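Scroll down for the structure; my scribbles are underneath it.
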Amino acid sequence: MPRVSPAVLRAVVRVALRPALGPPVPWAAQRAWMAAFSATTRPPAGVATAREELGGRPALRLTPAVGRHDGPAAVLLLHGGAYTTGSATTHRAFAGRLAAAAGAPVHLLEYRLAPEHPYPAALDDAAAAFAALAERAGGADRTWLVGDSAGAGLAVALCARLHEADRPGPAALGLVCPWLDTTLSAASVRRNRRREPLLRAAWLRRSAAAYRGGAAMPEALWAPPDALPPVVLHGAGDDLLVDDADRLAARLARAGRPCTYARFDGRPHDFHLFAGTTHDADAAVDRLARELRAAAP
């Protein structure tokens, strides 16, 4: 499909998508609006899609026509959407580009969403899906785990759960614009409020409360560094949440843990999702796959 400039896309997102996220728009309407906005995005040519069940939840499997022998057997992708929105439809272009770049099937999980299903439902679904995928792949060490935004926070929480249970985790962990601190205490929340075209702090706070429900859950998903496999981390300079990525990279560096961090200045939150629409999103997803391949043991 024809590519557009990042500036044009940023303006379209600000006008056509951002107003739908947050009150008074109901959750179901927000999800429908996001799906409609993403309707024109498609996986790249040569990537086949199929519906499947993974760990008892629906998922979309995206398989490239050409595989690679130096990558994973499978990738589990946990989508973003502040734990309240997001789906296979909103993330299929990103997942398809990742599958092509990785040379391996990407399994895009439809985990349960809040507020209908608060914490720990999404984490339970992710854990069940990872266990099922690791069995299919011939071992957890033959998988990559990737998440964007809230999905990145979910991926970090999953690695922490696996570590606590003394169970093997993925060979590598890819995090795109992670949302890790649900208190939104980072300075970038205020600093970037005019630069970020999609996210609004009020929507994130409402979503965090919906996800938390009445449960006791960590407000900041800073997993112990030794719970994480080699990490490939992408942040965006104009992102409301970029300080979460900066802080995680610093924590891993202090602990001497392997982390490859790329900070894309001048880019908004989750711009990778527009693979197939902008050249910079294509390049960022391709880079993510290269860096994961290099990071995995």
(message) I need the Debye-formula profile for the stretch 138-297: one equal scatterer per C-alpha, no solvent, reported as log10 I(q)/I(0) at q = 0.17 1/Å, two decimals.
(response) -1.01
(request) Determine the equivalent ellipsoid of the stretch 10-109 by diagonalising the alpha-carbon gyration tensor, then write out the semi-axes as square roots of 5 times the eigenvalues, largest first, rounded to whole Å. (result) 28, 15, 10
(message) Using the Karplus curve 6.51 cos²θ - 1.76 cosθ + 1.60 with θ = phi - 60°, what ³J(HN,Hα) values do you get for each residue of the stretch 235-249, in whole Hz, with x for Gly and Pro?
(response) x, 10, x, 8, 5, 4, 9, 4, 4, 4, 5, 4, 5, 5, 4
(request) Filter the trypsin sites (Lys or Arg not before Pro) in the stretch 7-109 to those in DSSP coil with at most 15 other Cβ atoms within 10 Å of their Cβ, and list the result. (result) Arg68
(request) Of all alpha-carbon pairs in the stretch 50-114, indicate the percentage at a distance above 14 angstrom. (result) 53
(request) Run the accessible area of the chain with a 1.4 Å probe and give the carbon-and-sulfur part as a rounded percent. (result) 56
(message) Please list, ordered by chain and number, the residues whose modelled amide H lies under 5 Å from the amide H of Phe264; skip anything fewer than 5 residues away on the same chain.
(response) Gly235, Ala236, Gly237
(request) Would you please give the residues with an amide H less than 5 Å from that of Gly81, counting only those at least 5 places away or on a separate chain, with H modeled from the backbone geometry? (result) Ala150, Gly151
(request) Show the residues, 5+ positions off or on another chain, whose built amide H is closer than 5 Å to the amide H of Gly174. (result) Leu145, Val146, Gly147, Val232
(message) Probe of 1.4 angstrom, ligands and nucleic acids ignored: what's the accessible area per residue over the chain, in square angstrom?
(response) 39
(message) How large is the convex hull of the C-alpha atoms of the chain per residue, in Å³?
(response) 115
(request) Could you tell me what percent of the DSSP beta bridges with both partners in the chain are antiparallel, to the nearest 5? (result) 35
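The values are calculated or read from the model by the stated rules, or taken from the named source; none is laboratory data. For clarity, every value in this text was computed on a predicted model and none was experimentally measured. No Cβ is skipped: glycine too gets one built from the backbone with ideal geometry, and neighbour counts run over all protein chains shown. Ligands, DNA and RNA are excluded from the accessible area calculation, which covers all protein heavy atoms including side chains. Shrake-Rupley method; radii C 1.70, N 1.55, O 1.52, S 1.80 Å.
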